[in-house]
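Down below is the structure, laid out as structure tokens.
The values are calculated or read from the model by the stated rules, or taken from the named source; none is laboratory data. Bear in mind that the values here come from a model prediction, so they are computed numbers and not experimental data. Cβ: placed from backbone, ideal geometry, glycine included. Neighbour counts: every protein chain shown.
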Amino acid sequence: MELKRFHPVSEAVVPVTDCPRPRFPVIDFHTHCGKMLLGENYASVYDTEEYARELLKYGVVKAVNLDGLYGRDLDEMNQKLAGREETFLNFMWVDLEDFEEPDFSSKVRGQILECHKKGCCGIKMWKDLTLYRKDSKGQPVRTDDPRLDAVYDTAAELGIPVLMHIGDPAAFFKPKDEKNERYEELDANPDWEFSDESRFPRFETLLEMQENTVRSHPDTIFVIAHVGSYAENLGWVGEQLSKYPNLYVDIAARLAELGRVPYSARRFFTAFQDRILFGTDSTPVTLGAHPIYYRCLETEDEYFPYEPEGEIPGQGRWAIYGLFLEDEVLKKVYYKNACRLLHLDEETFEEEFYG
Ligand SMILES: [Zn+2]
């Protein structure tokens, strides 16, 4: 039998808790409603009202859309989400095309101010910057490049967070061989392999530039996506959170990592409950993961799939465990921390969604 056909079913008889809805209202801090994941014709792919109603069924009352982009793309995004401005909060992108030009600082500042005026409440920076982009000398671009300071300084000036996706799973930077725990995923997605040192920065280099960036801009709030780029090493992420009060992390698309180390994950959530944000990385056409997040965060269930039942787990062949987080921790992760970063009044939020 070929490995890809092997799909064993666990015989462990353990409690199964159904969690269609979260215990408290949720702000999903990491979603994609635009062309980055859905393509140029994204507007015709889903109906905004219907999407908002679907989210509400899962207890998600607000969602941060990381695909705000800028310029005409932002106008189109705003048009698409019109009438639902209270539900969908856009994060803008910055145009980095001319970042080596002498007037980049003033240009990018102007762009951020303009997008902020059009409702954007944060800045998104993606791994295209760190993994693919090269400067005019052929060198990879670093997030701690002083030429990008204007981006971080303007965010601090406006009091809006910068959400960064810098790295990718550690195994993506290792050779795709029999020891690689994400072998099947890399086999199915060859573009995600970054083991070639001549083409891609090392994982350690990315972590180093990430830390430099956070450290050298203490007045800027950074949300480093996917558990601070290193969900596999909660000890390291915890150290970073302890060192830098301006650092936050989201948990998007990292249930498989958090749920396979339930003891350390529970300690991590408890210790850093004020700096962790709920997020799923979902889109209007890939809903359905929310109940698994709730099951992992809220229950004591053991050894269950991190993806919808019946599928071969996409991020590696293991199962996860519940973290049974305390109510106060859950509230912070679900909405309180997000309210703070998005400047939403917590009491008004609670009155509206959790009365
Ligand atoms: Zn994402």
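Restrict the check to the range 294-309 and report whether at least one residue is closer than 23 Å to Phe172 by Cα and hydroxyl-bearing (Ser, Thr, Tyr). There is at least one residue in the range 294-309 that is closer than 23 Å to Phe172 by Cα and hydroxyl-bearing (Ser, Thr, Tyr).
Yes or no: Asp196 part of a helix (DSSP H, G or I), surrounded by fewer than 18 Cβ atoms within 10 Å (Cβ to Cβ) and not β-branched (Val, Ile, Thr)?
Judged against the criteria, Asp196 is not a match.
Scanning the range 306-319 for residues that are of a type in the set (Asp, Glu) and either over 22 Å from the mean Cα position of the chain (by Cα) or not in a loop (DSSP other than H, G, I, E, B) (or both) yields Glu309, Glu311.
Looking for whichever is touching a residue at least 24 places away in the same chain (Cβ under 8 Å) and in contact with a Pro (Cβ under 9 Å, 6 or more places away or on another chain) here; the options are Pro161, Pro201, Pro169. Which one fits? When all the criteria are applied, what remains is Pro201. Quick test of your reading of the structure: Thr48 fulfils all but one of (1) of a type outside the set (A, V, I, L, M); (2) within 16 Å of the ligand (Cβ to nearest atom); (3) touching a strand residue (DSSP E or B) at 6+ places or on another chain (Cβ under 9 Å). Name the failing condition by number. Looking at each condition in turn, Thr48 falls short on (2).
Among all residue pairs at least 6 apart or on different chains, which show Cβ distances below 8 Å where the first residue, located in the range 140-158, is in contact (Cβ under 8 Å) with a residue 24 or more places away in the chain and within 10 Å of Leu96 (Cβ to Cβ) and the second is of a type in the set (Gly, Ala, Ser) and assigned to a helix (DSSP H, G or I)? Here the result reads Arg147/Ser105, each pair linking the range 140-158 to a residue that is of a type in the set (Gly, Ala, Ser) and assigned to a helix (DSSP H, G or I). Annotation note: Cβ proximity below 7 Å between a residue of the range 254-281 that is more than 19 Å from Met164 (Cα to Cα) and a residue that is crowded, with 22+ Cβ neighbours inside 10 Å and of a type in the set (Lys, Arg) (sequence gap 6+ or interchain) occurs for Gln273/Lys332. Do you know which residues across the range 1-33 are assigned to a strand (DSSP E or B) and modelled with pLDDT under 95? None; the set is empty. The condition of being under 24 Å from the mean Cα position of the chain (by Cα), modelled with pLDDT under 95 and more than 16 Å from the ligand (Cβ to nearest atom) holds for only one of Leu74, Leu113, Leu81, Leu96, that being Leu96. Those helices (runs of 4 or more DSSP H) of the range 209-305 in which 2 or more residues are touching a Lys or Arg at 6+ places or on another chain (Cβ under 9 Å) occupy 225-228, 234-243, 290-298. Restricted to the range 17-35, and to residues there that are surrounded by 19 or more Cβ atoms within 10 Å (Cβ to Cβ) and within 16 Å of the ligand (Cβ to nearest atom), the residue that is nearest to the chain's Cα centre (by Cα) is His30. Has the range 147-168 got at least one residue that is out of contact with any helix residue (DSSP H, G or I) (no Cβ under 8 Å at 6 or more places or on another chain), within 15 Å of the ligand (Cβ to nearest atom) and closer than 18 Å to Leu66 by Cα? No, every residue in the range 147-168 fails to be out of contact with any helix residue (DSSP H, G or I) (no Cβ under 8 Å at 6 or more places or on another chain), within 15 Å of the ligand (Cβ to nearest atom) and closer than 18 Å to Leu66 by Cα. So, in the range 62-77, of the ones that are in contact with an Asp or Glu (Cβ under 8 Å, 6 or more places away or on another chain) and over 14 Å from Thr283 (Cβ atoms), which residue ends up surrounded by the fewest Cβ atoms within 10 Å (Cβ to Cβ)? Per the criteria, the residue is Gly71. Close Cβ contacts (under 9 Å, 6 or more residues apart or on different chains) running from residues in the range 1-23 that are more than 30 Å from Glu328 (Cα to Cα) to residues that are surrounded by 10 or more Cβ atoms within 10 Å (Cβ to Cβ) and β-branched (Val, Ile, Thr) comprise Lys4/Ile312; Phe6/Ile312; His7/Ile312. If you go through the range 290-305 one residue at a time, how many are exposed (fewer than 15 other Cβ atoms within 10 Å of the Cβ) and under 19 Å from the mean Cα position of the chain (by Cα)? Residues that pass the stated criteria total 0.
Scanning the range 286-303 for residues that are within 14 Å of the ligand (Cβ to nearest atom) and not polar (S, T, N, Q) yields one hit, Ala289. The residues listed here are Leu287, Leu258, Leu277; of these, the one that is hydrophobic (A, V, I, L, M, F, W, C) and more than 30 Å from Ala43 (Cβ to Cβ) is Leu258.
When the range 36-45 is filtered for residues that are within 16 Å of the ligand (Cβ to nearest atom) and surrounded by fewer than 21 Cβ atoms within 10 Å (Cβ to Cβ), the ones remaining, listed by number, are Met36, Leu37, Leu38, Gly39. Any chance the range 222-236 includes a residue that's buried (at least 23 other Cβ atoms within 10 Å of the Cβ) and either within 23 Å of Gly138 (Cβ to Cβ) or of a type in the set (Lys, Arg) (or both)? Looking for residues that are buried (at least 23 other Cβ atoms within 10 Å of the Cβ) and either within 23 Å of Gly138 (Cβ to Cβ) or of a type in the set (Lys, Arg) (or both), one finds none in the range 222-236, hence no.
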